[in-house]
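Student: So that we are looking at the same thing, I have put the structure below in structure tokens.
The values are calculated or read from the model by the stated rules, or taken from the named source; none is laboratory data. These numbers were taken from a predicted model, which means no experiment stands behind them. Reconstructed Cβ throughout: ideal geometry from the backbone, glycine too, with neighbour counts over all protein chains shown. SASA here: full protein model, heavy atoms, side chains in, ligands and nucleic acids out. Shrake-Rupley method; radii C 1.70, N 1.55, O 1.52, S 1.80 Å.
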Amino acid sequence: MNPRVLSGIQPTSDSFHIGNHLGALQNWVSMQSEFECFYFIADLHAITVEQDPAQLNQRTLLAYAQLVALGVDPKKSVLFVQSQVPEHAQLMWVMSCITGIGEANRMTQFKDKAAKGGSSSASVGLLTYPILQAADILLYQADAVPVGEDQRQHLELTRDLATRFNGRFGDTFTLPKPHIVKATAKIQDLQDPTAKMSKSSPSGCINLLDPLKTTEKKIKSAVTDSDSVVAFDPANKAGVSNLLTILSAYTGNTVDELVDSFAGRMYGDLKKETAGAVLAFAEPFQTTVNELLSDKAQLQRDMNIGAEQAREVASQTLAAVYAKIGFNAS
Ligand code: TRP
């Protein structure tokens, strides 16, 4: 049996951006050949901050359609929506009862998010977000979790809670390892190439579902530098290096090959080719997403099947947990 991986993404935007794609989702797709994969849309996590209900509903469908269009294959992987699998919330309750308040308070992402919104407006859900994440992972006995730097502390907490539960009640959970992918591209903001690409900076962020003209414009107005040599040097030429990284990812050419091909050419050419490469990916991607969205009933049926497959595994873990802690099984 292949080792099992699990990962989730929140449905909190109208489109994935190329940082999501190249930094994480491309990797979800390629892992399908070597791992038994469980992927889900983390709508329970999304509501830790206020969401508009109609928008959340639509964004969940959009996230599902985009994942399929990117190559997450529901025949190879279990792809599901978190709220359709009630075991996540159920296991989270149990795990929250073995988590210290101090332990939860130490999570840096909570501190950051709470500080941003003003800590008095932060919800209890935001505080317990990492415990829900631990439940997500432990329910499926995942061996590995592909995570970025920002999620590493949550995975550490997951391992701590699993170890604690196993120690107190007997071996129940697999200890998940972080799966760090060396080859993933780090994509920076087009307007501030020293910062990671993020939806909070719209003009520096390329959304896969943006109108093609918008994407072209954003790439053409990307910040470069006052030099004129196309070279890969992220410390001194962050903007140009970022464009090279993007171009490389969407053409399959290595950065070295690209740098050679731009010898004696200008930044304008680099932007033009980068825009061309991104559009060549985005255009058919958008067609597929639109096709999938045109049959919402079918999408919903596929989601239901994914949720059933997820529950087969999740319900077994939850039953084992309930028995171990002394709940009277039916
Ligand atoms: N917190 C993750 C993020 O924002 C999303 C997530 C929720 C997740 N549950 C997970 C990722 C379990 C990996 C495993 O990116």
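Student: What GluC sites (Glu not before Pro) does the stretch 17-74 have in DSSP loop regions with at most 15 other beta carbons within 10 Å?
Tutor: The qualifying sites are Glu34, Glu50.
Student: Next question, about the same structure. Please work out whether the stretch 183-302 counts as rounded, prolate or oblate from its C-alpha gyration tensor, where a ≥ b ≥ c are the square roots of the eigenvalues and a/c under 1.5 means rounded, while otherwise a/b larger than b/c means prolate and anything else oblate? Walk me through the numbers on the way to the answer.
Tutor: Working: a/c = 2.31, a/b = 1.96, b/c = 1.18.
Note, shape of the stretch 183-302 comes out prolate.
Student: While we're here: Looking at the chain, what % of its DSSP beta bridges pair antiparallel, to the nearest 5?
Tutor: Details: 2 of 16 bridges.
Counting DSSP beta bridges with both partners in the chain, the antiparallel share is about 10 percent.
Student: Taking the alpha-carbon centroid of each part, what is the distance from the stretch 1-72 to the stretch 121-179 in angstrom?
Tutor: Spelled out, the Cα-based centre of one part sits 18 Å from the other.
Student: Using the Cα gyration tensor of the chain, with a ≥ b ≥ c the square roots of its eigenvalues, what is the shape: rounded (a/c below 1.5), prolate (a/b larger than b/c) or oblate (neither)?
Tutor: Values: a/c = 2.02, a/b = 1.75, b/c = 1.15.
It is prolate, given that a/c is not under 1.5 and a/b is the larger ratio.
Student: Can you compute 3J(HN,Hα) from phi for each residue in the stretch 95-111, using the Karplus curve 6.51 cos²θ - 1.76 cosθ + 1.60 with θ = phi - 60°, rounded to whole Hz and x for Gly and Pro?
Tutor: Here the 3J(HN,Hα) series is 5, 5, 7, 10, 9, x, 4, x, 4, 5, 5, 7, 5, 5, 5, 4, 4 Hz.
Student: Here's something else I'd like to know. For helix 296-325, what angle does its Cα long axis make with the longest principal axis of the chain, in degrees from 0 to 90 and rounded to 10?
Tutor: So the helix axis and the longest Cα principal axis differ by about 40 degrees.
Student: Something else now. Quick one: what are the phi-derived ³J(HN,Hα) couplings along the stretch 56-71, Karplus 6.51/-1.76/1.60 with θ = phi - 60°, whole Hz, x for glycine and proline?
Tutor: 4, 4, 5, 5, 5, 4, 4, 5, 4, 4, 5, 4, 5, 5, 6, x
Student: Moving on to the next point. Which entries of Lys177/Lys296; Lys75/Lys116; Lys186/Lys217; Lys186/Lys272 have Cα-Cα distances beyond 32 Å here? Before the final figure, lay out the partial values.
Tutor: On the way: Lys177/Lys296 36 Å; Lys75/Lys116 40 Å; Lys186/Lys217 21 Å; Lys186/Lys272 21 Å.
Pairs exceeding 32 Å: Lys177/Lys296; Lys75/Lys116.
Student: Keeping the other protein chains in place, figure out the carbon and sulfur percent of the accessible area of the chain, with a 1.4 Å probe. Before the final figure, lay out each step's value.
Tutor: On the way: 8360 of 15740 Å².
The computed percentage sits at 53.
Student: Between beta-carbons, use under 14 Å as the cut-off and find the net charge around Ile305, counting Lys and Arg +1, Asp and Glu -1. Show your work: numbers first, answer last.
Tutor: On the way: positive: Lys75, Lys76, Arg301, Arg311; negative: Asp73, Asp302, Glu308, Glu312.
Net local charge, Ile305 excluded: 0.
Student: What residue among Phe232, Gln66, Leu212 has its Cα farthest toward the positive end of the dipole of the chain, where the charges are +1 on Lys, Arg and -1 on Asp, Glu, each on the Cβ?
Tutor: With unit charges placed on the Cβ atoms, the residue in question is Gln66.
Student: Keeping all protein chains in place, calculate the accessible area per residue for the chain (probe 1.4 angstrom), answer in Å². Write out the running numbers ahead of the final one.
Tutor: Working: 15740 Å² over 330 residues.
Heavy-atom accessible area per residue stands at 48 Å².
Student: Rounded, prolate or oblate, given the Cα gyration tensor of the stretch 1-93, with a/c below 1.5 counting as rounded? Before the final figure, lay out each step's value.
Tutor: Working: a/c = 2.07, a/b = 1.26, b/c = 1.64.
Since a/c reaches 1.5 but b/c is at least a/b, the shape of the stretch 1-93 is classed as oblate.
Student: Oh, and also: Please get the size of the charge dipole for the chain, origin at its Cα centre, with Cβ charges of +1 on Lys and Arg and -1 on Asp and Glu, quoted in debye to the nearest 20. It would help to have the intermediate numbers written out before the result.
Tutor: Numbers: 29 positive and 35 negative charges, 106 e Å.
It comes to approximately 500 debye.
Student: Sticking with this one: Between Ser200 and Gln153, take the C-beta separation as r, use R0 = 25 Å, and let me know the FRET efficiency to the nearest 0.05. Show your work: numbers first, answer last.
Tutor: On the way: r = 21 Å, r/R0 = 0.83.
Computed FRET efficiency for Ser200 and Gln153 comes out at 0.75.
Student: Between Leu175 and Val124, what's the calculated FRET efficiency when r is the beta-carbon distance and R0 is 25 Å? Round to 0.05.
Tutor: Numbers: r = 27 Å, r/R0 = 1.09.
FRET efficiency, Leu175 to Val124: 0.35.
Student: Provide the per-residue ³J(HN,Hα) series for the stretch 75-83, in order, calculated from phi with Karplus coefficients 6.51, -1.76, 1.60 and θ = phi - 60°, each as a whole number of Hz, with x at glycine and proline positions.
Tutor: After applying 6.51 cos²θ - 1.76 cosθ + 1.60, I find 7, 9, 10, 8, 10, 8, 9, 3, 5 Hz.
Student: Also, quick follow-up: Relative to the first principal axis of the alpha-carbon coordinates of the chain, what is the inclination of helix 152-169, with its axis defined by its Cα atoms, in degrees from 0 to 90 and to the nearest 10?
Tutor: Approximately 20 degrees, to the nearest 10.
Student: If you don't mind, there's one more thing I want to ask. What does the charge count around Leu67 come to, taking other residues whose C-beta lies under 14 Å from its C-beta (Lys +1, Arg +1, Asp -1, Glu -1)?
Tutor: Numbers: positive: Arg59, Lys75, Lys76; negative: Asp43, Asp73, Asp302.
Residues close to Leu67 contribute a combined charge of 0.
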